[in-house]
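The next block holds one structure in the form of structure tokens; read it before the comments.
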Amino acid sequence: MSNINAFKNIPEISFIDNITLEDIRNEMLDDYQEAYRAETGKEPDMHAGTPERLMLYAFANNFYQALKYVDRAGKMGLLKYSEADYLDNLAVLKGITRNEATAAKVTLKFTLSDIRTSVTAIPGGTRVAAGDIYFATNEYLEIAAGKESGTVTATAITAGTGANGLAVKEIDTLVDPVPYVANVTNIDVSAGGTDKEDDESLTYRVYNAPNRYSVAGPKEAYEYHARRIRSDIDDIVVYSPEPDKVNVVFTINEGEIPDSKVIAEVEEGLSADDIRPLTDIVTAKGPTKSNYDIKLTYYINKSDSNQAVAIQTAVNEAIEEYKKWQKKIGRDINPSKLIQLIIGAGAKRTAVTKPLYTAVNDYDIAIAASTEVTYGGLEDD
């Protein structure tokens, strides 16, 4: 079921009127006993463990399973609940299809063993690698006579986010040897790869589909088109600092600040004449980082000593969950949420020294700079 905020106030529905397995068992028992009395004039023996009762329970289990299939089939036709292939079919009704995975790109520099008096050709599709991650050059490259090196764009052979984030000079293995080439390396960080669009993103686009029938004047329309361009957009804020200017601030992949390549891709897409009003000047950007530190000590009840190791693990997971929760554009730094999660993980109490409550600007994002967590030990309940 989708977590879109707009769906939270929509009532939960059941295509089987919330009937339970116990309801079906009781109804079958009642019907059987009534029919038995009518036919025989006797009271049936329906104590626990009797063959008749066990058989009716087996029938009830199968019938309930069939009802669950009916309920699920009905819900798959509703955007709030739809998922996987059902959601794909629902999206097609709006003329929308799920975005496929895209491959990361990077700029490669090929360096010759020596300066030559003739052109050196590097075929398109030449493969290079960093470990088990492979890239292929997008086009034919010529290194002119008298030049030592040349650059060309390459694309990851496997689509997805796995090839993103390779540091400068990390891609340095020439898989397909080229005469006269001494070495190859990347001169920028690989970026731009996205995984296949998930259900949450596709649901959001279907929900906002009516906005696509307008050029991107309304705020929601800019959001829709931005998510169409990049399905890995996590959070997005659209505002107009002054007439005819639109700023689109966004994050990707659970609060990650986009790099310059991703920002340029979104800005170019939103600036197309068939997307924006002709008077709008669109600027895409990542949020400004607002750093905070985490420093705390937590304690566990002595009565929970047998679970102390599991609770410590749960507390560490809760702190990581807090960091993700905090990474929303404009969300204030709120230690109360951190305390709530730690107590919910099983701790007795926690003393949080950092962070303090801090208001965050509307277009900034809070990022944890350091984390210092101390387990204070067991305490009396």
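Derivation of every value follows stated rules applied to the coordinates shown; laboratory data play no part. Every value quoted in this text rests on a predicted model; they were computed, and no experiment measured them. Glycine also receives a Cβ, built like all others from the backbone with ideal geometry; neighbour counts cover every protein chain displayed.
A few points about this structure:
- Measuring against 19 Å, Cα to Cα, the residue pairs K169/K196; K302/K348; K219/K245 contain K169/K196 as the ones spanning a longer distance.
- Of the residues P355, S118, A368, the one whose Cα sits farthest toward the positive end of the charge dipole of the chain, with +1 on the Cβ of Lys and Arg and -1 on the Cβ of Asp and Glu, is S118.
- When both region 222-290 and region 140-159 are represented by their alpha-carbon centers, they are found 30 Å apart.
- Listed residues Q33, Q326, Q65, most fluctuating in the chain (Gaussian network, C-alpha, under 10 Å): Q33
- Residue-averaged [θ]222 nm for the chain, counting only DSSP H segments that reach four residues, each worth -39500 (n - 2.57): -9500 deg cm²/dmol
- Exposure proxy shown here: for R205, R331, the number of other Cβ atoms within 10 Å sets the order, fewest to most, as R331, R205.
- Only one item in (1) 172; (2) 321; (3) 251 matches volume of the Cα convex hull per residue in Å³ derived from the coordinates shown, and that item is (3).
- Taking all Cα pairs closer than 8 Å and separated by 6 or more residues, the relative contact order of the chain comes to 12 percent.
- Order of V248, V168 under a 10 Å beta carbon neighbour criterion, fewest first: V168, V248
- Fully extending the segment from S336 to E220, taken as 0.36 nm per residue of separation minus the present Cα-Cα distance, adds 38.6 nm.
- Using a cutoff of 8 angstrom between alpha carbon atoms and counting only pairs six or more residues apart, the relative contact order for region 324-363 works out to 54 percent.
- Under 16 Å of direct C-alpha separation, and excluding same-chain neighbours fewer than eight residues apart, K42 reaches no lysines at all.
- Neighbour-count order for H225, H47, fewest beta carbons within 10 angstrom listed first: H47, H225
- Exceeding the 18 Å Cα-Cα cut-off - candidates K261/K327; K289/K324; K261/K328; K289/K337: K261/K327; K261/K328; K289/K337
- The relative contact order of region 105-186, computed from alpha carbon pairs under 8 Å that lie at least 6 residues apart in sequence, is 40 percent.
- Restricting the chymotrypsin sites (Phe, Trp or Tyr not before Pro) of region 273-381 to loop positions (DSSP other than H, G, I, E, B) with no more than 15 neighbouring Cβ atoms within 10 Å leaves Y357.
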